[in-house]
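A short reminder: the numbers here are calculations on the coordinates, not readings from a lab. These figures come from a predicted structure and were not determined experimentally. When we count neighbours, we look across all protein chains shown, and the Cβ atoms used for this are built from the backbone with ideal geometry, even at glycine.
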Amino acid sequence: MATQTREVEAKGGQSRHRSLGLSDEEALHIYEVMRLARAIDERMWLINRQGRAPFVISCQGQEGAQVGVSAALKPGYDWVVPYYRDAGVVLWFGMTARDQMLSFFARREDPSSGGRQMPGHFGARRLQILTTGSPVGAQLPHAAGLALAFKQRKEDGVTAVFFGEGASSQGDVHEAMNFAGIHKLGLLFVCENNGYAISVAQDHQVAIKDLADRAAGYGFPGVVVDGNDVLACYEVAKEAVARARRGEGATLIEAKTYRLTAHSSDDDDRRYRQAEEVARWRQKDPIQRYAKYLRESGSLTDAVEQDITERINQQVDEATEYAENAPDPSPDSLAKFVYKQDIRG
Amino acid sequence: MASRTVIEAIREAMDQEMARDPSVFLIGEDVGQRGGVFLASDGLHKKYGEYRVLDSPLAESSIVGIAIGAAVNGMRPIAEIQFADFIAPAFNQIVEEAARFCYRSGGDFNLPMVIRTPYGGGVHGALYHSQSIEATYGHIPGLKVVAPSNPADAAGLLKAAVRDPDPVLYLEHKRTYRLIRGEVPDGDGVVPIGKAEVKREGNDIGLIAYGLMLNYCLEVAEKLAAEGVSAEVLDLRTIKPMDEAAVAATAKKTGKVLVVHEDNRFAGIAAEVIAIIMENAFDSLDAPVMRLTGPDVPAMPFNHVLEEAFLPTPERILAKARELAAY
C-alpha cells in the first residue's frame with residue numbers, strides 16, 4: 001500500500017489523451033470546462049471589487065485537479081461531494097454558469113441554496129452533487145455514507161469527495177477513511193493540496209510531505225499526482241474509479257496544486273506568502289499547461305480556441321446579466337424548508 | 001395487544017420497520033453481534049445480515065455522518081449512539097450538517113434518518129452514562145426530538161421517526177427500558193410526531209413531563225387522587241416540535257401547572273413549556289407555573305446518595321405538587 005507518485009508529463013507525448021482513452025473532442029471539452037470555471041471565477045472577482053456582490057471564494061489554480069478527476073466519473077450515476085472551491089467539479093457534473101452566478105448573487109433561483117448560502121456552497125440532488133456546508137472535513141463521512149448505500153444495494157456507483165489539505169487535519173477525515181477502508185467502499189478521497197489553509201502553510205498543518213501516505217494506515221492505496229496536470233489527474237482517477245467499481249475499495253488521491261488567489265475576497269494573502277511564490281505557480285497554471293499540450297498535440301487550433309473563448313464569454317455574460325437582475329428571495333420565505341415536512345404547517 | 005417492556009417495543013418496532021422497508025438499516029457501536037449494549041437490536045443482525053445491522057467503528061461523528069450520506073443515497077438509516085453522553089463528538093454532524101441539509105439546500109435535500117440514543121439516569125451510570133440532552137438538541141431548528149415514556153409510544157414514535165422525511169433524535173430513557181411495561185397495539189400503531197397526549201385526565205392541577213418523569217407523575221397523580229386532588233398528566237412525547245395546543249389546554253383546564261424533567265434546570269424544556277403557557281394561557285392561571293428539574297450541576301454522580309439527590313423522585317414531585325395544589 002505504499003504511496004505512488006506520478007511524475008509530471010512522464011509519458012504519452014503528443015497523444016497522451018488518446019492513450020488514456022480520451023477522444024480529441026473529450027480532451028477539448030475538459031479544456032473548455034476548466035476555462036469556464038476560471039472565467040466565471042474571474043468575473044466574480046471583478047464584480048466583487050466593484051462592490052456589486054459581497055463575497056467570492058475561488059477555484060483558480062485548482063481546475064486541473066477538479067476537472068481531471070471529475071472526467072473519470074459518470075455524472076448522473078456517481079455521486080460527488082465537493083468542497084467550496086470545486087467549481088470545476090460541479091460544472092463537469094452539470095451545473096451551469098448561470099447556476100453559479102445565481103449563487104454568487106444569492107438569488108431566489110440559486111439552485112444550490114435559494115440564496116441562503118455563500119457562493120461555493122454547491123449542491124444539486126438531481127445532478128448527484130451533495131449540498132456543501134462551511135465546516136471543513138464534515139463532508140467525508142457523508143461520502144462514506146453515500147458509498148455505503150451503493151454497497152448495501154450491491155450497485156457499482158462510485159462516490160468522489162474533495163477536500164483541502166487543511167481539512168485533512170479534521171477528525172471526520174480520519175473517521176471516514178477508516179470506515180471506507182474497513183468496508184472497501186467505492187470511494188475516491190481527493191485531496192486538493194494547495195499548500196495553504198487560509199494562511200497556514202502545509203508544514204504547520206501536517207508533519208509529512210505527502211498526505212497520500214496516510215492511506216496506508218487505512219488499508220487502501222494513496223497516490224500523489226501533479227494537480228496542475230489535468231491528464232495526470234484524469235489518469236489516476238480513472239484507475240481509482242475502476243478499482244472502486246470492481247469493489248476493491250477506496251483510493252486517496254493527493255493532487256498537489258496551488259491556490260492562485262487569496263483564500264477569499266476577504267483575505268489578503270500578501271500577509272503570509274511571497275509574491276514570487278505565487279508568480280512561480282502562475283507559470284504552472286493548469287489551464288495554460290493544458291492549452292500548450294493541446295496545441296502541440298494538434299487538437300487546439302487558433303480557430304477552436306476562439307470558438308471556445310466566444311462561447312465562454314457569452315455564457316458568463318448571459319449568466320451575469322441574468323443573475324444580477326434575478327429577484328431576491330422574498331422575506332416570507334425565511335422560515336421555509338426548515339423541515340421537508342413541516343408539521344406545524 | 002401484547003404486553004411489552006420499552007426495550008422490547010423498540011426492538012420489535014425496528015424489526016417491523018426493517019421487514020417492511022429494505023432501505024431501513026441500523027448502524028452503531030456493538031449493535032451487530034452483541035445486539036447493542038442494552039440488547040435493543042438483539043437478534044436483528046442474525047435476521048437481516050451485516051449490512052442491515054452494521055457494527056460501526058467507535059467513532060460517533062462518523063456514525064451520524066455516514067447515516068447522513070446513506071440517507072441522501074436512498075437509505076433510511078437508524079444511527080444508534082450508545083449513550084447520549086457520547087453524542088457530543090457528533091454535535092457538528094447533527095447540528096451543522098443533518099439539521100441544516102434541508103434548509104441550506106432550499107428544500108432540495110432532506111434526510112430521512114433517525115438517531116436513537118439512551119439518555120437519563122437513576123441506573124448508577126454516573127457522569128457519563130446518565131445525561132439528558134433534550135434541551136441542547138431541542139434548541140436546534142431542523143431537528144425533531146422525541147422522548148417516549150412507555151412501550152406503545154416507544155414503538156409508535158420510532159416507526160413515525162423512521163418514516164419521517166427529516167432527521168429525528170429519538171431519546172430512550174434507559175431506566176424505562178425494563179422498568180416500564182405496557183400494552184403495545186397490534187398492527188402499525190404509529191404515533192404522530194408533534195402530538196402530546198393526556199395520559200390521565202384531571203381538573204385541579206396539571207403535571208407536564210415526558211420519559212421516565214412522566215411515569216413518576218402518573219404515580220404521583222394516583223397518590224394525589226387519594227388526597228382528593230385531581231391531577232391531569234400530560235405526556236409531551238415530542239420535545240420538538242412541541243404540541244403547544246396541548247400544553248395550553250392543560251394549563252387552561254387546570255390553572256395550575258407543574259413541569260417536571262430530569263435535565264438541568266437553566267434553559268431547560270420546562271422553561272419553554274412555561275413560556276408557552278404564559279403566551280397562551282396566562283388568563284387561566286391560578287398559581288405561578290412551577291418546575292421541578294435536575295439541578296444545574298454537570299451530571300449525575302456515581303454515588304447512590306448523590307445520584308438520588310440529583311433526581312426528581314416521586315416523593316419530591318409529590319411534595320411540589322401538593323405545594324402547587326395548596327397555592
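Per-residue mean of foreign Cβ neighbours for B:73-79 is 5 (Cβ atoms of other chains, 10 Å radius). Distances between placed amide hydrogens fall under 5 Å for B:Gly74 paired with no residue 5 or more residues away or on another chain.
As a proxy for reagent exposure, ranking A:Ile312, B:Ile94 by other Cβ atoms within 10 Å from fewest up yields A:Ile312, B:Ile94.
What is the magnitude of the charge dipole of region B:214-317 about its Cα centre, with +1 placed on the Cβ of each Lys and Arg, -1 on the Cβ of each Asp and Glu, and no other charges, expressed in debye to the nearest 20? The partial results should precede the final answer.
Values: 9 positive and 17 negative charges, 29 e Å.
So the dipole magnitude of region B:214-317 works out to roughly 140 debye.
Taking A:Val206, A:Val225, A:Val89 in turn, the Gaussian network model of chain A (Cα-Cα springs below 10 Å) assigns the largest fluctuation to A:Val206.
For peptide A:178-185, compute the average count of partner chain beta-carbon atoms within 10 Å of each residue's beta-carbon. Can you show the working numbers first?
Details: counts 3, 9, 2, 1, 3, 4, 0, 1.
Average per residue, whole number: 3.
Restricting to DSSP loop positions (anything but H, G, I, E, B) with no more than 15 other Cβ atoms inside 10 Å of their own Cβ, which chymotrypsin sites (Phe, Trp or Tyr not before Pro) remain in region B:280-318? Sites meeting the loop and neighbour criteria: B:Phe302. Once you order the gyration tensor axes a ≥ b ≥ c over the Cα atoms, which shape class does region A:186-345 get: rounded for a/c under 1.5, otherwise prolate or oblate by comparing a/b with b/c? Rounded, because the longest to shortest axis ratio a/c is under 1.5. Note: relative contact order over chain B, using C-alpha pairs below 8 Å and six or more positions apart, is 17 percent.
Among rounded, prolate and oblate, which fits region A:71-224 when a ≥ b ≥ c are the square roots of the eigenvalues of its C-alpha gyration tensor, a/c under 1.5 means rounded, and a/b larger than b/c means prolate? Let's see the in-between values first.
On the way: a/c = 2.15, a/b = 1.25, b/c = 1.72.
Verdict is oblate for region A:71-224.
Here the dipole of the protein assembly as shown is about 680 debye; that uses its Cα centre as origin and unit charges on the Cβ of Lys and Arg (positive) and Asp and Glu (negative). Separation of region A:298-335 from region A:86-113 is 10 Å, based on Cα centroids.
From the square roots a ≥ b ≥ c of the eigenvalues of the alpha-carbon gyration tensor of region B:1-57, which class results: rounded (a/c under 1.5), prolate (a/b over b/c), or oblate? Taking the square roots of the gyration eigenvalues as a ≥ b ≥ c, region B:1-57 is oblate.
Please give the average number of partner chain Cβ atoms lying within 10 Å of the Cβ of each residue in B:52-59, rounded to a whole number. Walk me through the numbers before you get to the answer.
Values: counts 1, 0, 4, 1, 3, 5, 1, 8.
Per residue, the average neighbour count from other chains is 3.
The local environment of B:Pro298, defined by Cβ-Cβ distances under 15 Å, has a net charge of -4 under the rule Lys, Arg +1 and Asp, Glu -1.
With runs of 4+ DSSP H residues as the only contributors, calculate the mean residue ellipticity of the protein assembly as shown at 222 nm using -39,500 (n - 2.57) per run, divided by the residue total and rounded to the nearest 500. Write out the running numbers ahead of the final one.
On the way: 23 runs with 256 residues, N = 672.
The helix contribution divided over the protein assembly as shown gives -11500 deg cm²/dmol.
Arranged from fewest to most other beta-carbon atoms within 10 Å of their beta carbon, B:Ile208, A:Ile198 become A:Ile198, B:Ile208.
For B:Val145, A:Val200, B:Val289, A:Val67, the sequence from fewest to most other C-beta atoms within 10 Å is A:Val200, B:Val289, B:Val145, A:Val67. I need to check one value: relative contact order of chain A, counting alpha carbon pairs closer than 8 Å and at least 6 residues apart, in percent. Over chain A, the number comes to 24 percent.
A DSSP coil position with no more than 14 other Cβ atoms inside 10 Å describes the following GluC sites (Glu not before Pro) in region A:247-345: A:Glu248. Comparing A:Arg289, A:Arg126, A:Arg245 in a Gaussian network model of chain A, where Cα atoms under 10 Å apart are tied by springs, the biggest mean-square fluctuation is seen for A:Arg126. Normalising the average separation of contacting C-alpha pairs (under 8 angstrom, six or more residues apart) by the number of residues puts the relative contact order of region B:172-327 at 24 percent.
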